[in-house]
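Working notes, beginning with the structure itself.
Coordinate-derived values only; no laboratory data. As the structure is a computational prediction, the values presented were derived from the model and not from experiment. Note that we place each Cβ from the backbone using ideal geometry, even for glycine, and neighbour counts take in every protein chain shown.
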Amino acid sequence: MRILSKIIVGAALFLFGTATLLAQVSQKPQYMYVCNQGSATITVIDTSTNEIASTVDLKDLGFSANAKPHHAVAEKDGSYWYVTLIGENRVLKFDRNNKLLASAELEVPGLMAMHPSKDILYVGRSMSAVNPPQSFGVVNRTDMEVMDEVGLFFTRPHAIAAAPEGDWMYIGSLSENQIYTTNIDTEESDLVNIPGLTHTFVNFAITPDGKTMIATGQVSGQLLFFDITDPMTPKLTGNLSVGAQPWHPVISADGKYAYFANKQDHSVSVVDLVKREVAATIKGEGLAQPHGATLSDDGKYLYISNNNLDGTYNPEGRDDIENLPGTVVIIDTETNQIIKVIEVGRYPSGIGTNIR
């Protein structure tokens with residue numbers, strides 16, 4: 001009995017310790033990584049306080065002032081995060097403490113998407129590149145080895161997304177109404193032509209159930225809806241006119257709403273994905289050529305990065321518009337009201353985080 005009691009007590013202590021460790025992990029703050037393309041810095045925002053936690057200066061790490069950090073993503077547990085550098089032809093890997101661990105070499109890397117279960121990072125090409133390669137990169141997230149550069153049938157690949165389950169991923173063209181789909185394991189693929197106006201696909205987002213993909217059209221000013229229940233052949237099922245130059249979309253964890261910036265309108269659209277209608281259009285202080293969008297883990301806050309290259313946000317009335325900071329606007333998703341404006345570096349573009 002004494003031995004059995006010791007076993008029971010030991011098991012209880014182990015379970016208590018495990019629960020405590022899990023609680024400690026879950027209590028770690030979620031960080032937003034803001035790519036300041038004009039400053040060669042990344043601003044790190046703590047969502048528990050909505051304050052700047054730190055700033056990573058790429059120049060201090062040996063990169064040039066023209067490094068152009070463009071997009072960031074992070075592991076679900078926040079242990080590592082990744083950023084593309086257009087000006088350095090690199091994709092960098094950092095740990096949670098912002099220590100640079102490794103890098104991959106890819107020409108003019110742009111947006112990224114993470115495989116949901118495998119250690120794979122998909123990397124597209126930058127919109128700003130004059131003649132980018134007609135391919136996307138496949139990178140091993142553990143050692144940052146470039147596993148492959150998959151050739152495409154169209155020019156200027158940009159929009160990119162990975163299905164939440166399985167091995168399917170999607171990449172769209174800026175120059176043609178085409179979407180390439182592929183299964184990284186089976187190598188099945190298809191090239192889908194989208195009818196209608198020239199859209200110039202900026203980026204994709206996929207609902208958590210993996211049934212619907214949305215795409216923003218920079219030139220058409222439309223949000224497009226695709227049925228991807230047959231993952232190899234996305235089927236266009238509708239479109240919605242939104243603001244001018246809709247940019248990076250993000251979808252709420254319950255799949256009910258999509259959020260994205262309208263760069264030319266200095267606004268943010270909130271789209272009801274069930275009704276397929278614009279539920280709200282948000283304008284206000286700090287929204288100045290809005291670019292990237294991401295959500296806090298609990299869905300309470302929406303974070304929008306703003307280029308502010310035209311001086312739309314200039315509360316002090318400064319004359320040196322070329323040196324104005326960019327902003328991150330924080331929006332309460334319940335009220336769709338702006339609750340805070342954070343000044344960051346010059347020309348913030350992509351913003352990324354981990355969603356647990």
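Numbers at a glance
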read-out: Sorted by Cβ density within 10 Å, fewest first, the residues F260, F153, F225; value: F153, F225, F260
read-out: Which of V150, V268, V242 has the fewest Cβ neighbours within 10 Å, and the rest in rising order; value: V150, V242, V268
read-out: Charged-residue dipole, Cβ positions (Lys, Arg, Asp, Glu), the chain about Cα centre, Debye nearest 20; value: 680 debye
read-out: Separation of alpha-carbon centers, the stretch 101-168 and the stretch 281-303, rounded to whole Å; value: 25 Å
read-out: Rounded to the nearest 20 debye, dipole of the stretch 242-356 from Cβ charges on Lys, Arg, Asp, Glu; value: 360 debye
read-out: Rough spin-label spacing in nm, given labels placed 7 Å along Cα→Cβ, for T335 and N89; value: 5.0 nm
read-out: Extension reserve of the I355-E188 stretch, reckoned as 0.36 nm per residue once the Cα distance is removed; value: 57.3 nm
read-out: Sorted by Cβ neighbour density within 10 Å, fewest at the top, the residues S48, S220; value: S48, S220
read-out: Positive dipole terminus of the chain, leading residue within I251, I355, H266 (C-beta point charges); value: I355
read-out: Positive dipole terminus of the chain, leading residue within G172, I342, V150 (C-beta point charges); value: I342
read-out: Gyration tensor (alpha-carbon) shape descriptor, the chain, a/c threshold 1.5; value: rounded
read-out: Sum of side-chain charges, N239 neighbourhood, beta-carbon under 14 Å (Lys, Arg +1; Asp, Glu -1); value: 0
read-out: Dipole axis of the chain (+1 Lys, Arg; -1 Asp, Glu on Cβ), positive-most option in T182, L100, Y301; value: Y301
read-out: Cα centroid of the stretch 184-208 to Cα centroid of the stretch 45-99, whole Å; value: 28 Å
read-out: Segment N97-E165, extension gain: residue separation times 0.36 nm, minus the distance between their alpha carbons; value: 21.6 nm
